[in-house]
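A.B. asks: Below is one structure. I have some questions about it.
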Amino acid sequence: MKAETKADRKPKSRGGPAAVDEPARRRPGRPQGSHGGISLVSILRTSYRLAKTVPLQELSIVFVAKSLNVTPALIHYYVGGRDWLTSGTMNLFYADLLRKLPDNTGDWKRDIPKMARAIYDHLVLYAGVAAYMVSHNRFRIWQLTAYGQREYGVEVLEKLTACVKQAPCSPERTGIYSHLIMEFVIGSAHRTAHHLFPSEHKEFLKDKLSKLDPERFPTLVLTDTAPISLGPEKAFNEEIRLFMLGLENEPREQETIGKKQANRKPR
(Lines give C-alpha, C1' and ligand atoms only; values in the text may rest on other atoms or scores of the structure.)
Protein backbone atom coordinates (compact mmCIF):
# COMPACT_ATOMS: atom_id res chain seq x y z
CA MET A 1 0.00 0.00 0.00
CA LYS A 2 1.32 3.43 -0.93
CA ALA A 3 2.55 5.44 2.04
CA GLU A 4 0.63 8.61 2.72
CA THR A 5 2.59 11.68 1.71
CA LYS A 6 2.58 15.15 3.18
CA ALA A 7 0.64 16.36 0.16
CA ASP A 8 -2.02 13.71 0.78
CA ARG A 9 -2.34 14.63 4.45
CA LYS A 10 -2.63 18.36 3.96
CA PRO A 11 -6.15 18.45 2.46
CA LYS A 12 -7.51 16.37 5.32
CA SER A 13 -7.20 19.35 7.62
CA ARG A 14 -9.58 21.06 5.20
CA GLY A 15 -11.96 18.16 5.00
CA GLY A 16 -11.03 16.59 1.65
CA PRO A 17 -13.70 15.59 -0.87
CA ALA A 18 -16.57 13.74 0.67
CA ALA A 19 -19.41 11.73 -0.76
CA VAL A 20 -22.47 13.89 -1.27
CA ASP A 21 -24.31 12.16 1.56
CA GLU A 22 -21.34 12.57 3.93
CA PRO A 23 -20.27 16.23 4.06
CA ALA A 24 -16.81 16.87 5.46
CA ARG A 25 -16.34 18.48 8.88
CA ARG A 26 -14.33 21.66 9.29
CA ARG A 27 -12.15 22.94 12.06
CA PRO A 28 -13.35 25.72 14.37
CA GLY A 29 -13.03 29.09 12.70
CA ARG A 30 -13.80 27.77 9.21
CA PRO A 31 -17.18 28.74 7.72
CA GLN A 32 -19.85 26.06 7.61
CA GLY A 33 -22.06 25.29 4.61
CA SER A 34 -21.52 27.26 1.42
CA HIS A 35 -19.69 30.41 0.49
CA GLY A 36 -21.56 32.54 -2.01
CA GLY A 37 -23.55 29.47 -3.07
CA ILE A 38 -20.39 27.38 -3.43
CA SER A 39 -19.75 24.34 -1.27
CA LEU A 40 -17.72 21.14 -1.41
CA VAL A 41 -20.81 19.25 -2.56
CA SER A 42 -21.61 21.73 -5.35
CA ILE A 43 -18.00 21.68 -6.56
CA LEU A 44 -17.84 17.90 -6.76
CA ARG A 45 -21.27 17.68 -8.36
CA THR A 46 -20.18 20.19 -10.99
CA SER A 47 -17.00 18.25 -11.72
CA TYR A 48 -19.00 15.02 -11.94
CA ARG A 49 -21.49 16.60 -14.34
CA LEU A 50 -18.69 17.93 -16.54
CA ALA A 51 -17.15 14.43 -16.64
CA LYS A 52 -19.99 13.34 -18.92
CA THR A 53 -18.11 14.94 -21.80
CA VAL A 54 -14.78 16.32 -20.53
CA PRO A 55 -11.94 13.85 -19.82
CA LEU A 56 -11.45 13.79 -16.07
CA GLN A 57 -7.72 14.40 -16.44
CA GLU A 58 -8.61 17.78 -17.99
CA LEU A 59 -10.94 18.82 -15.17
CA SER A 60 -8.48 21.02 -13.33
CA ILE A 61 -9.35 23.35 -10.48
CA VAL A 62 -9.13 26.25 -12.93
CA PHE A 63 -11.54 24.50 -15.34
CA VAL A 64 -14.11 23.83 -12.62
CA ALA A 65 -13.70 27.36 -11.23
CA LYS A 66 -14.52 28.83 -14.64
CA SER A 67 -17.59 26.59 -14.90
CA LEU A 68 -18.82 27.89 -11.54
CA ASN A 69 -17.71 31.47 -12.27
CA VAL A 70 -15.59 31.64 -9.11
CA THR A 71 -11.89 31.99 -8.40
CA PRO A 72 -9.61 28.92 -8.36
CA ALA A 73 -8.63 29.92 -4.81
CA LEU A 74 -12.19 29.24 -3.65
CA ILE A 75 -12.11 25.76 -5.19
CA HIS A 76 -8.76 25.12 -3.49
CA TYR A 77 -10.24 26.33 -0.22
CA TYR A 78 -13.00 23.72 -0.25
CA VAL A 79 -11.39 20.82 -2.12
CA GLY A 80 -7.76 21.05 -1.07
CA GLY A 81 -5.98 20.25 -4.36
CA ARG A 82 -6.22 18.70 -7.81
CA ASP A 83 -5.86 15.11 -6.60
CA TRP A 84 -8.72 15.58 -4.15
CA LEU A 85 -10.91 17.00 -6.91
CA THR A 86 -10.21 14.03 -9.18
CA SER A 87 -10.61 11.50 -6.38
CA GLY A 88 -13.82 13.10 -5.11
CA THR A 89 -15.29 13.03 -8.62
CA MET A 90 -14.37 9.36 -9.02
CA ASN A 91 -15.96 8.56 -5.68
CA LEU A 92 -19.20 10.21 -6.84
CA PHE A 93 -19.03 8.20 -10.06
CA TYR A 94 -18.73 4.95 -8.13
CA ALA A 95 -21.41 5.92 -5.60
CA ASP A 96 -23.79 6.52 -8.50
CA LEU A 97 -22.75 3.29 -10.23
CA LEU A 98 -23.19 1.23 -7.07
CA ARG A 99 -26.89 2.14 -7.00
CA LYS A 100 -27.26 0.89 -10.58
CA LEU A 101 -25.58 -2.50 -10.20
CA PRO A 102 -27.92 -5.50 -10.28
CA ASP A 103 -28.09 -7.92 -7.38
CA ASN A 104 -26.38 -11.28 -7.71
CA THR A 105 -28.93 -14.08 -8.07
CA GLY A 106 -26.50 -17.02 -7.98
CA ASP A 107 -26.92 -17.61 -11.71
CA TRP A 108 -23.50 -16.45 -12.91
CA LYS A 109 -24.33 -17.01 -16.57
CA ARG A 110 -26.97 -14.29 -16.30
CA ASP A 111 -25.41 -12.16 -13.57
CA ILE A 112 -21.98 -11.52 -15.10
CA PRO A 113 -23.25 -10.13 -18.43
CA LYS A 114 -25.80 -7.96 -16.59
CA MET A 115 -23.13 -6.66 -14.20
CA ALA A 116 -20.73 -5.92 -17.05
CA ARG A 117 -23.49 -4.17 -19.00
CA ALA A 118 -24.42 -1.93 -16.05
CA ILE A 119 -20.81 -0.79 -15.61
CA TYR A 120 -20.41 -0.31 -19.36
CA ASP A 121 -23.57 1.82 -19.67
CA HIS A 122 -22.50 4.05 -16.79
CA LEU A 123 -19.04 4.57 -18.28
CA VAL A 124 -20.53 5.43 -21.68
CA LEU A 125 -22.72 8.02 -19.94
CA TYR A 126 -19.65 9.49 -18.19
CA ALA A 127 -17.27 9.37 -21.13
CA GLY A 128 -14.81 11.67 -19.34
CA VAL A 129 -14.35 9.09 -16.60
CA ALA A 130 -13.83 6.32 -19.18
CA ALA A 131 -11.19 8.47 -20.89
CA TYR A 132 -9.42 8.94 -17.57
CA MET A 133 -9.53 5.25 -16.67
CA VAL A 134 -8.00 4.02 -19.93
CA SER A 135 -4.91 6.19 -19.42
CA HIS A 136 -4.52 6.61 -15.65
CA ASN A 137 -4.12 4.09 -12.87
CA ARG A 138 -4.44 6.36 -9.84
CA PHE A 139 -7.97 6.70 -8.42
CA ARG A 140 -9.32 4.01 -10.75
CA ILE A 141 -10.53 2.15 -7.65
CA TRP A 142 -8.95 3.50 -4.47
CA GLN A 143 -9.72 7.06 -3.42
CA LEU A 144 -8.43 9.70 -1.05
CA THR A 145 -10.86 9.80 1.85
CA ALA A 146 -11.19 11.59 5.16
CA TYR A 147 -13.23 11.11 8.34
CA GLY A 148 -14.17 7.52 7.57
CA GLN A 149 -15.85 8.26 4.23
CA ARG A 150 -16.89 5.28 2.14
CA GLU A 151 -14.73 4.17 -0.77
CA TYR A 152 -17.38 3.40 -3.32
CA GLY A 153 -14.90 2.13 -5.92
CA VAL A 154 -13.86 -0.69 -3.62
CA GLU A 155 -17.52 -1.56 -3.03
CA VAL A 156 -18.13 -1.75 -6.78
CA LEU A 157 -15.07 -3.99 -7.21
CA GLU A 158 -16.26 -6.23 -4.38
CA LYS A 159 -19.67 -6.61 -5.99
CA LEU A 160 -18.19 -7.43 -9.40
CA THR A 161 -15.75 -9.95 -7.92
CA ALA A 162 -18.52 -11.58 -5.87
CA CYS A 163 -20.49 -11.92 -9.10
CA VAL A 164 -17.59 -13.65 -10.89
CA LYS A 165 -16.96 -15.81 -7.80
CA GLN A 166 -20.29 -17.55 -8.51
CA ALA A 167 -18.66 -19.17 -11.56
CA PRO A 168 -16.80 -22.48 -11.17
CA CYS A 169 -13.22 -21.26 -10.80
CA SER A 170 -10.56 -20.88 -8.12
CA PRO A 171 -10.05 -17.70 -6.05
CA GLU A 172 -6.97 -16.85 -8.11
CA ARG A 173 -8.85 -17.26 -11.39
CA THR A 174 -11.78 -15.29 -9.97
CA GLY A 175 -9.44 -12.36 -9.39
CA ILE A 176 -7.96 -12.62 -12.88
CA TYR A 177 -11.34 -12.81 -14.60
CA SER A 178 -12.71 -9.91 -12.52
CA HIS A 179 -9.77 -7.71 -13.48
CA LEU A 180 -9.93 -8.61 -17.17
CA ILE A 181 -13.69 -8.10 -17.36
CA MET A 182 -13.31 -4.65 -15.80
CA GLU A 183 -10.53 -3.78 -18.26
CA PHE A 184 -12.67 -4.96 -21.17
CA VAL A 185 -15.67 -2.90 -20.00
CA ILE A 186 -13.58 0.26 -19.53
CA GLY A 187 -11.95 -0.06 -22.95
CA SER A 188 -15.20 -0.91 -24.70
CA ALA A 189 -17.02 2.04 -23.11
CA HIS A 190 -14.20 4.38 -24.11
CA ARG A 191 -14.28 3.16 -27.71
CA THR A 192 -18.06 3.54 -27.81
CA ALA A 193 -18.02 7.07 -26.40
CA HIS A 194 -15.34 8.16 -28.87
CA HIS A 195 -16.76 6.36 -31.93
CA LEU A 196 -13.76 4.10 -32.46
CA PHE A 197 -15.56 1.01 -33.78
CA PRO A 198 -15.20 0.00 -37.46
CA SER A 199 -18.91 0.31 -38.27
CA GLU A 200 -18.76 4.02 -37.52
CA HIS A 201 -16.18 4.47 -40.28
CA LYS A 202 -17.68 1.97 -42.66
CA GLU A 203 -17.39 3.81 -45.98
CA PHE A 204 -13.78 4.78 -45.41
CA LEU A 205 -12.81 1.21 -44.49
CA LYS A 206 -14.73 -0.29 -47.42
CA ASP A 207 -12.87 1.98 -49.80
CA LYS A 208 -9.49 1.04 -48.32
CA LEU A 209 -10.20 -2.70 -48.29
CA SER A 210 -11.50 -2.66 -51.86
CA LYS A 211 -8.07 -1.48 -53.01
CA LEU A 212 -6.12 -4.27 -51.37
CA ASP A 213 -4.32 -6.79 -53.57
CA PRO A 214 -6.00 -10.16 -52.84
CA GLU A 215 -2.78 -12.01 -53.56
CA ARG A 216 -0.82 -10.05 -50.96
CA PHE A 217 -3.62 -9.78 -48.39
CA PRO A 218 -5.87 -12.80 -48.98
CA THR A 219 -7.02 -13.09 -45.37
CA LEU A 220 -8.03 -9.45 -45.02
CA VAL A 221 -9.93 -9.56 -48.30
CA LEU A 222 -11.70 -12.74 -47.22
CA THR A 223 -12.83 -11.34 -43.85
CA ASP A 224 -13.41 -7.71 -44.79
CA THR A 225 -17.17 -7.63 -44.16
CA ALA A 226 -16.89 -8.91 -40.57
CA PRO A 227 -14.77 -6.12 -39.02
CA ILE A 228 -16.52 -3.41 -41.05
CA SER A 229 -19.87 -4.34 -39.52
CA LEU A 230 -18.48 -4.45 -35.97
CA GLY A 231 -20.20 -1.79 -33.87
CA PRO A 232 -20.41 -1.11 -30.11
CA GLU A 233 -23.33 -3.43 -29.38
CA LYS A 234 -22.02 -6.38 -31.37
CA ALA A 235 -18.49 -5.93 -30.02
CA PHE A 236 -19.69 -5.86 -26.40
CA ASN A 237 -21.83 -8.98 -26.84
CA GLU A 238 -19.07 -10.90 -28.63
CA GLU A 239 -16.39 -10.01 -26.08
CA ILE A 240 -18.52 -10.88 -23.06
CA ARG A 241 -19.45 -14.14 -24.82
CA LEU A 242 -15.75 -15.04 -24.98
CA PHE A 243 -15.39 -14.42 -21.24
CA MET A 244 -18.39 -16.64 -20.56
CA LEU A 245 -16.98 -19.43 -22.74
CA GLY A 246 -13.73 -19.20 -20.81
CA LEU A 247 -15.54 -19.45 -17.48
CA GLU A 248 -17.63 -22.40 -18.68
CA ASN A 249 -14.47 -24.22 -19.72
CA GLU A 250 -12.58 -23.32 -16.54
CA PRO A 251 -13.13 -26.61 -14.61
CA ARG A 252 -11.93 -28.68 -17.58
CA GLU A 253 -8.96 -26.36 -18.10
CA GLN A 254 -7.91 -26.58 -14.47
CA GLU A 255 -8.27 -30.36 -14.51
CA THR A 256 -5.97 -30.54 -17.55
CA ILE A 257 -3.42 -28.27 -15.88
CA GLY A 258 -3.56 -30.38 -12.72
CA LYS A 259 -2.88 -33.58 -14.66
CA LYS A 260 0.08 -32.03 -16.46
CA GLN A 261 1.57 -30.85 -13.19
CA ALA A 262 1.08 -34.27 -11.62
CA ASN A 263 2.83 -35.97 -14.56
CA ARG A 264 5.83 -33.68 -14.14
CA LYS A 265 6.40 -34.71 -10.52
CA PRO A 266 9.24 -37.21 -10.01
CA ARG A 267 8.11 -40.71 -9.15
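A.B. asks: Inspect the range 180-195 for any residue being under 24 Å from residue 137 (Cα atoms) and without any contact (Cβ under 8 Å) to a residue 40 or more places away in the chain and give the result as yes or no.
C.D. replies: Yes, the range 180-195 contains a residue that is under 24 Å from residue 137 (Cα atoms) and without any contact (Cβ under 8 Å) to a residue 40 or more places away in the chain.
A.B. asks: From the set of residues in the range 43-62 that are small (Gly, Ala, Ser) and under 17 Å from the mean Cα position of the chain (by Cα), which is farthest from residue 121 (Cα to Cα)?
C.D. replies: Result: 47.
A.B. asks: Evaluate the range 150-167: report whether one residue or more is assigned to a loop (DSSP other than H, G, I, E, B), under 21 Å from the mean Cα position of the chain (by Cα) and either closer than 30 Å to residue 58 by Cβ or of a type in the set (A, V, I, L, M, F, W, C) (or both).
C.D. replies: Yes: one or more hits.
A.B. asks: Do any residues in the range 206-231 that are over 21 Å from residue 196 (Cα atoms) and assigned to a loop (DSSP other than H, G, I, E, B) have Cβ atoms under 9 Å from those of residues that are open to solvent by 70 Å² or more (accessible area, probe 1.4 Å) and at pLDDT below 85, where the two are at least six apart or on different chains, and which pairs are they?
C.D. replies: 212/220; 214/220; 214/222
A.B. asks: If I go through the range 123-180 residue by residue, how many of them are closer than 18 Å to residue 106 by Cβ, aliphatic (A, V, I, L, M) and surrounded by 16 or more Cβ atoms within 10 Å (Cβ to Cβ)?
C.D. replies: Of the residues in the range 123-180, 3 are closer than 18 Å to residue 106 by Cβ, aliphatic (A, V, I, L, M) and surrounded by 16 or more Cβ atoms within 10 Å (Cβ to Cβ).
A.B. asks: Quick test for you: out of 81, 88, pick the one residue that is more than 11 Å from the chain's Cα centre (by Cα), buried (at least 17 other Cβ atoms within 10 Å of the Cβ) and on the phi > 0 side of the Ramachandran plot. Quick ask: steps written out before the conclusion?
C.D. replies: Numbers: 88 fails: on the phi > 0 side of the Ramachandran plot.
Exactly one residue qualifies, and that residue is 81.
A.B. asks: For a quick check of your reading of the model, give me the residue pairs whose first member lies in the range 126-137 and is outside any helix (DSSP H, G or I), whose second is buried (at least 17 other Cβ atoms within 10 Å of the Cβ) and of a type outside the set (A, V, I, L, M), with beta-carbon atoms closer than 9 Å and at least 6 apart or on different chains.
C.D. replies: 126/48; 126/93; 136/86
A.B. asks: Next question. Any chance the range 182-199 includes a residue that's under 12 Å from the mean Cα position of the chain (by Cα), among the aromatic types (Phe, Trp, Tyr) and open to solvent by 10 Å² or more (accessible area, probe 1.4 Å)?
C.D. replies: Scanning the range 182-199 turns up at least one residue that is under 12 Å from the mean Cα position of the chain (by Cα), among the aromatic types (Phe, Trp, Tyr) and open to solvent by 10 Å² or more (accessible area, probe 1.4 Å).
The values are calculated or read from the model by the stated rules, or taken from the named source; none is laboratory data. All figures in this text were calculated on a predicted structure; none of them were measured in a lab. Here Cβ is always computed from backbone atoms with ideal geometry, including for glycine, and neighbour counts include all displayed protein chains. Side chains are part of the model used for accessible areas, which takes the heavy atoms of the whole protein and leaves out ligands, DNA and RNA. Shrake-Rupley method; radii C 1.70, N 1.55, O 1.52, S 1.80 Å.
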